[in-house]
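K.L.:
First the structure, which I've put down as structure tokens, then a few questions once you've had a look.
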Amino acid sequence: MVLERTFVMLKPSTVARAMTGKVIDRIENKGLKIAAMKLTWVTQEKAATLYAVHKGKPFYDALVAFITSGPIVAMVIEGDEAVKVIRKLIGATNAKEAEPGTIRGDFALSNQKNAVHASDSAENAKCEMAVFFAPEEILTYKRADENWVY
Ligand code: CMP
């Protein structure tokens, strides 16, 4: 088992559409654990850090405008190979292409308003979770069903 933590963000469209529970349900049903979670706004400064790799791309300004347009839910998710597992669970970036059964495939229809973000590597996950959480806000505890998940 490779226990990992990854960063997940339910985007402003998911909060505005009152679909946070449905998305969180998918993550918890998989057996993954919520290690940290908060409803918050992405400031311009946080957006610049989060999307630094996209700076200069044609969609950058629209991306920052969208992510700062309303509250998001920031989460740290823990589990066996959590980075890879969550990416598979959320589906392709462009929600139009995302397979049915994935979160984006079932809850979104757009490249930008694609419901949810998840880190693409353990290294990026560390940087992204540090944007939203202090180390003491990321909790260690046992789920009651762990013996049945693993
Ligand atoms: P995500 O991977 O969560 O974080 C970066 C976001 O940039 C990505 O989701 C998409 O929402 C957005 N994005 C990536 N490529 C494009 C594109 N070509 N046009 C518009 N938005 C994009």
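The values are calculated or read from the model by the stated rules, or taken from the named source; none is laboratory data. Note that the structure is a prediction, hence the values are computed from the model and not measured. Every residue, glycine among them, receives a Cβ derived from its backbone with ideal geometry; neighbour counts consider all protein chains shown. When the accessible area is computed, the model is the full protein with side chains, heavy atoms only, and any ligands, DNA or RNA have been set aside. Shrake-Rupley method; radii C 1.70, N 1.55, O 1.52, S 1.80 Å.
K.L.:
In the stretch 97-150, how many residues are open to solvent by 30 Å² or more (accessible area, probe 1.4 Å) and on the phi > 0 side of the Ramachandran plot?
P.N.:
Looking only at that region, the number is 1.
K.L.:
In the stretch 23-50, how many are open to solvent by less than 50 Å² (accessible area, probe 1.4 Å) and part of a strand (DSSP E or B)?
P.N.:
So the count comes out to 5.
K.L.:
Now, a different point. For the stretch 6-22, which residues satisfy the criterion of being in contact with a Gly (Cβ under 6 Å, 6 or more places away or on another chain) and surrounded by fewer than 14 Cβ atoms within 10 Å (Cβ to Cβ)?
P.N.:
Ala16
K.L.:
Which count do you get for residues in the stretch 76-96 that are open to solvent by 20 Å² or more (accessible area, probe 1.4 Å), away from the ligand (no atom under 14 Å from the Cβ) and among the hydrophobic types (A, V, I, L, M, F, W, C)?
P.N.:
1
K.L.:
Pairs under 7 Å by beta carbon, first residue within 16 Å of Leu63 (Cβ to Cβ) in the stretch 96-121, partner of a type in the set (Asp, Glu) and away from the ligand (no atom under 11 Å from the Cβ), six or more apart or different chains?
P.N.:
Pairs found: none.
K.L.:
Give the number of residues within the stretch 51-65 that are open to solvent by 20 Å² or more (accessible area, probe 1.4 Å), within 20 Å of Arg17 (Cβ to Cβ) and within 11 Å of the ligand (Cβ to nearest atom).
P.N.:
Going through the stretch 51-65 one residue at a time, the tally reaches 1.
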